[in-house]
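**Student:** Dropping a structure here in structure tokens format, bear with me for questions.
The values are calculated or read from the model by the stated rules, or taken from the named source; none is laboratory data. If you're wondering where the values come from, they're calculated on a predicted model, not measured in any experiment. Using ideal geometry, Cβ is built from the backbone for each residue, glycine included, and neighbour counts are taken over all protein chains shown.
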Amino acid sequence: MGSMVMKFLILQFLGFLLFEGFIHSEASIIRHTFVVKEAPYTRLCSTKNILTVNGQFPGPTLYAQTGDTIIVDVQNKGNQNITIHWHGVKMPRYPWSDGPEFITQCPIKPGGKFSQKIVLSDEEGTLWWHAHSEWSRATVHGAIIIYPKNGTTYPFPKPQAEVPLILGEWWKSDIQEVMEEFMENGRDPNNSDAFLINGQPGDLYSCSRPDTFKLTVEYGKIYLLRMINTVMNNILFFSVANHQITVVGTDGSYTKPLKTSYIAISPGQTIDFLLEANQKPNHYYMAARAYNSAPAVPFDTTTTTAIIQYEGNYRPSSPPPLPQLPAFNDTSALTSFAGSLRSLASKDHPVNVPLKISTNLFFTLSINTLPCASNNTCEGPGGNRLSASVNNITLQTTPIDILEAYYRQINGIYGTDFPKFPPLAFNYTAASLPVQLRTPRRATEVRMIQYNSTVELVFQGTNLVAGVDHPMHLHGYSFYVVGWGIGNFDKDKDPKNYNLVDPPLQNTFAVPKNGWAAIRFKADNPGVWFMHCHFERHVSWGMGMTFIVTNGNHPDAKILPPPPDMPRC
Ligand code: C2O
Ligand code: CU
């Protein structure tokens with residue numbers, strides 16, 4: 001009791017010093033070196049070389065406080081081109097280090113280096129970094145943990161410990177070969193062979209028994225788990241046997257506490273949750289497996305596990321109890337979880353949802369087909385190759401990056417005609433659609449947005465080729481998810497049900513299968529910002545587009561100059 005009083009008095013005193021300005025909580029600069037290189041890893045009883053950062057898989061965790069700047073010296077000692085992206089970091093006015101290949105930079109070639117500056121602003125919670133070049137993000141990724149600034153604290157009880165939970169994916173074959181093969185044959189990529197928690201498939205696989213990730217907990221204590229979905233092609237369901245959990249954050253921002261028995265998490269997304277060790281001392285499984293909405297799309301049906309083990313003297317049940325996960329095709333489990341997230345919307349963490357919209361955008365998201373390259377037959381529908389588009393445009397890569405072309409006013413690299421609305425209106429989610437609508441246009445078009453515009457963007461999934469969910473991700477911004485629904489968006493009716501009070505602030509949101517989602521953001525970050533589906537197969541097929549947010553008039557509203565060591569194409 002006495003020590004509690006002491007603690008309280010000390011905290012009061014520190015608060016007083018802070019209030020009086022005796023302590024300055026200043027942003028720091030943190031330095032790291034990332035050496036990209038091959039390293040041998042053994043999973044599922046076989047060994048292969050994978051591309052890593054510093055030989056680690058998953059890669060190193062970056063720690064920072066809100067508002068800090070991190071400098072990462074990236075050295076490419078691998079045998080392929082690479083770029084690194086800081087997923088969810090807004091990089092105010094500094095797109096140069098953002099990372100998407102041929103959007104904001106040319107790749108770092110083998111033997112090359114690039115010193116990247118990661119500019120944190122209001123992000124707080126869990127984000128991550130990953131390679132943004134072909135399919136190398138399968139093994140090149142890691143967590144970014146952003147603590148509250150000195151003098152501030154979590155809007156929830158202080159946890160006993162904090163633990164990253166990185167959900168990943170493993171192929172027995174080389175990931176570059178998986179990519180090249182499906183790009184060549186025109187069909188869906190081969191499934192992975194396992195999902196992973198913190199790099200391990202878990203002890204349902206006999207050869208990974210000793211290395212399964214285990215979290216030791218003390219009865220009565222609360223643990224903060226920082227979950228990241230790094231997998232390539234699947235939304236995942238996750239649950240802990242016998243425990244309810246409390247979601248407290250997503251994508252580097254706080255949410256209202258949400259009690260739940262499971263999580264649905266999209267590739268790209270992060271979920272922070274509290275686990276209270278309040279069950280009978282035992283060992284319990286936590287487990288994750290895929291959600292899959294398109295019956296025709298093959299997918300990895302395996303389950304990955306890790307273990308929560310209570311401290312103390314007892315005989316654990318063997319095997320530990322497994323949690324119940326929603327069925328593979330349980331769309332309502334996905335939407336009801338995603339639809340329950342709310343911004344914290346407190347005095348310290350207010351929301352700022354744009355209420356007056358100056359720019360309305362409506363983008364269809366489609367799976368398409370394109371004719372196979374001459375005198376070949378492809379293995380996609382009707383002997384064609386699978387493709388994908390936003391507003392019927394399938395993204396073509398450019399010889400130099402779009403940012404460079406924009407900044408130096410180099411013509412002929414991209415057009416500025418990305419359509420605000422689909423070129424053709426049709427019943428997007430009809431059960432059957434004319435085959436002629438399946439062919440997209442190939443182009444590199446950007447959408448220009450005036451600085452400080454207030455943007456509403458409605459994504460509309462279509463049922464072309466196959467209706468499927470699309471976890472859409474925007475670089476350079478977080479956005480408020482103000483509404484979503486199944487079927488076609490109704491511009492007269494649906495906006496009436498928008499949540500403009502406490503919508504979740506996210507950087508990735510899964511537009512449900514044959515459904516829509518509406519997001520809002522204020523375009524106050526000038527730069528060149530990629531937006532794409534975070535399913536790797538879809539972005540490889542062309543489901544991405546680029547926004548250019550113009551400079552404002554004020555000197556503080558312009559893109560900063562590029563660093564001297566930008567990689568050359
Ligand atoms: Cu997490 Cu453009 O990516
Ligand atoms: Cu997609």
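**Student:** What is the number of the single condition among (1) touching a Gly at 6+ places or on another chain (Cβ under 9 Å); (2) of a type in the set (V, I, T); (3) over 25 Å from F34 (Cβ atoms) that I145 does not meet?
**Tutor:** So I145 meets the others, but not (3).
**Student:** Can you tell me which of (1) surrounded by 23 or more Cβ atoms within 10 Å (Cβ to Cβ); (2) under 20 Å from the mean Cα position of the chain (by Cα); (3) touching a residue at least 60 places away in the same chain (Cβ under 8 Å) is the one V163 doesn't meet?
**Tutor:** V163 satisfies every listed condition except (1).
**Student:** Pick from the stretch 251-273 the residues that are out of contact with any Leu (no Cβ under 6 Å at 6 or more places or on another chain) and within 17 Å of V163 (Cβ to Cβ): which of them is surrounded by the fewest Cβ atoms within 10 Å (Cβ to Cβ)?
**Tutor:** The extreme case among them is I263.
**Student:** Test Y406 against the criterion of being outside any loop (DSSP other than H, G, I, E, B) and more than 16 Å from ligand 1 (Cβ to nearest atom), and give yes or no.
**Tutor:** Numbers: outside any loop (DSSP other than H, G, I, E, B): yes; more than 16 Å from ligand 1 (Cβ to nearest atom): yes.
Yes, satisfied.
**Student:** Here's another thing I want to ask about it. Would you confirm whether or not the stretch 332-345 contains a residue that is without any contact (Cβ under 8 Å) to a residue 24 or more places away in the chain, away from ligand 1 (no atom under 16 Å from the Cβ) and within 27 Å of the chain's Cα centre (by Cα)? Can you show your working first?
**Tutor:** Just the residues of the stretch 332-345 that are without any contact (Cβ under 8 Å) to a residue 24 or more places away in the chain, to begin with: 332, 336.
If we keep only those that are away from ligand 1 (no atom under 16 Å from the Cβ) as well, we get 332, 336.
Then keep just the ones that are within 27 Å of the chain's Cα centre (by Cα); that gives 332, 336.
Checking the stretch 332-345: at least one residue is without any contact (Cβ under 8 Å) to a residue 24 or more places away in the chain, away from ligand 1 (no atom under 16 Å from the Cβ) and within 27 Å of the chain's Cα centre (by Cα).
**Student:** Test each condition in (1) in contact with a Phe, Trp or Tyr (Cβ under 6 Å, 6 or more places away or on another chain); (2) part of a loop (DSSP other than H, G, I, E, B); (3) within 30 Å of H534 (Cβ to Cβ) for L334 and report the one that comes out false.
**Tutor:** Here L334 meets the rest and fails (2).
**Student:** Check A510 against each of (1) farther than 14 Å from L365 by Cα; (2) outside any loop (DSSP other than H, G, I, E, B) and name the one condition it does not meet.
**Tutor:** Among (1) farther than 14 Å from L365 by Cα; (2) outside any loop (DSSP other than H, G, I, E, B), the lone unmet condition for A510 is (1).
**Student:** Still on this structure: Within the stretch 463-489, which residues are away from ligand 1 (no atom under 16 Å from the Cβ), assigned to a loop (DSSP other than H, G, I, E, B) and touching a Ser or Thr at 6+ places or on another chain (Cβ under 8 Å)? Give the derivation first.
**Tutor:** Looking only at the stretch 463-489, we keep the residues that are away from ligand 1 (no atom under 16 Å from the Cβ), and these are 463-469, 480-489.
Subset that is assigned to a loop (DSSP other than H, G, I, E, B): 463-469, 487-489.
If the condition is that a residue be away from ligand 1 (no atom under 16 Å from the Cβ), assigned to a loop (DSSP other than H, G, I, E, B) and touching a Ser or Thr at 6+ places or on another chain (Cβ under 8 Å), then N463, L464, V465, G467, V468, D469, G487, N488 are the ones that fit.
**Student:** May I ask you to say which residue of A510, A517 is within 16 Å of ligand 1 (Cβ to nearest atom), over 21 Å from K117 (Cβ atoms) and among the small types (G, A, S)?
**Tutor:** Testing whether each residue is within 16 Å of ligand 1 (Cβ to nearest atom), over 21 Å from K117 (Cβ atoms) and among the small types (G, A, S) leaves just A510.
**Student:** Okay, next question. Just the residues that are within 23 Å of E180 (Cβ to Cβ) and either not hydrophobic (A, V, I, L, M, F, W, C) or not assigned by TED's automatic domain parsing to the domain that holds H534 (or both), please, taken from the stretch 383-415. Walk me through it before giving the result.
**Tutor:** Initial filter on the stretch 383-415 (within 23 Å of E180 (Cβ to Cβ)): 383-389, 394-399, 401.
Selection gives G383, N384, R385, S387, S389, T394, Q396, T397, T398, P399, D401.
**Student:** Further question: Looking only at residues in the stretch 513-543 that are part of a strand (DSSP E or B) and over 23 Å from S358 (Cα atoms), which one is farthest from ligand 2 (Cβ to nearest atom)? Explain how you work it out, then say what you get.
**Tutor:** We begin by selecting, within the stretch 513-543, every residue part of a strand (DSSP E or B); these are 515-522, 527-533.
Subset that is over 23 Å from S358 (Cα atoms): 515, 533.
Details: G515: 13, C533: 3 Å.
The selected residue is G515.
**Student:** Give me the pairs, please: first residue somewhere in the stretch 521-534 and in contact (Cβ under 8 Å) with a residue 12 or more places away in the chain and more than 8 Å from ligand 1 (Cβ to nearest atom), second residue anywhere and of a type in the set (A, V, I, L, M, F, W, C) and not in a strand (DSSP E or B), beta-carbon distance under 7 Å, and either six or more positions apart or on two chains.
**Tutor:** Here the result reads P526/A557; P526/I559; G527/I559; V528/I103; V528/I402; V528/L403; C533/V539; C533/M543, each pair linking the stretch 521-534 to a residue that is of a type in the set (A, V, I, L, M, F, W, C) and not in a strand (DSSP E or B).
**Student:** Go through the stretch 274-314 and give me each residue that's assigned to a strand (DSSP E or B) and touching a helix residue (DSSP H, G or I) at 6+ places or on another chain (Cβ under 8 Å).
**Tutor:** The one that is assigned to a strand (DSSP E or B) and touching a helix residue (DSSP H, G or I) at 6+ places or on another chain (Cβ under 8 Å): Y291.
**Student:** Considering only the stretch 44-64, I want to know if a residue exists there that is in contact (Cβ under 8 Å) with a residue 60 or more places away in the chain, touching a Ser or Thr at 6+ places or on another chain (Cβ under 7 Å) and among the charged types (D, E, K, R).
**Tutor:** no
**Student:** Tell me which of these H130 doesn't satisfy, since it passes every other one: (1) more than 25 Å from I197 (Cβ to Cβ); (2) in contact with a helix residue (DSSP H, G or I) (Cβ under 6 Å, 6 or more places away or on another chain); (3) in a strand (DSSP E or B).
**Tutor:** (1)
**Student:** When only residues in the stretch 544-569 that are touching a helix residue (DSSP H, G or I) at 6+ places or on another chain (Cβ under 9 Å) and among the aliphatic types (A, V, I, L, M) count, which is farthest from ligand 1 (Cβ to nearest atom)?
**Tutor:** Only one residue tops the list, namely L560.
**Student:** While we're here: Quick one: G485 ticks every box in (1) in contact with a Gly (Cβ under 7 Å, 6 or more places away or on another chain); (2) farther than 22 Å from V528 by Cα; (3) buried (at least 22 other Cβ atoms within 10 Å of the Cβ) bar one, so which box is it?
**Tutor:** The failed condition is (3).
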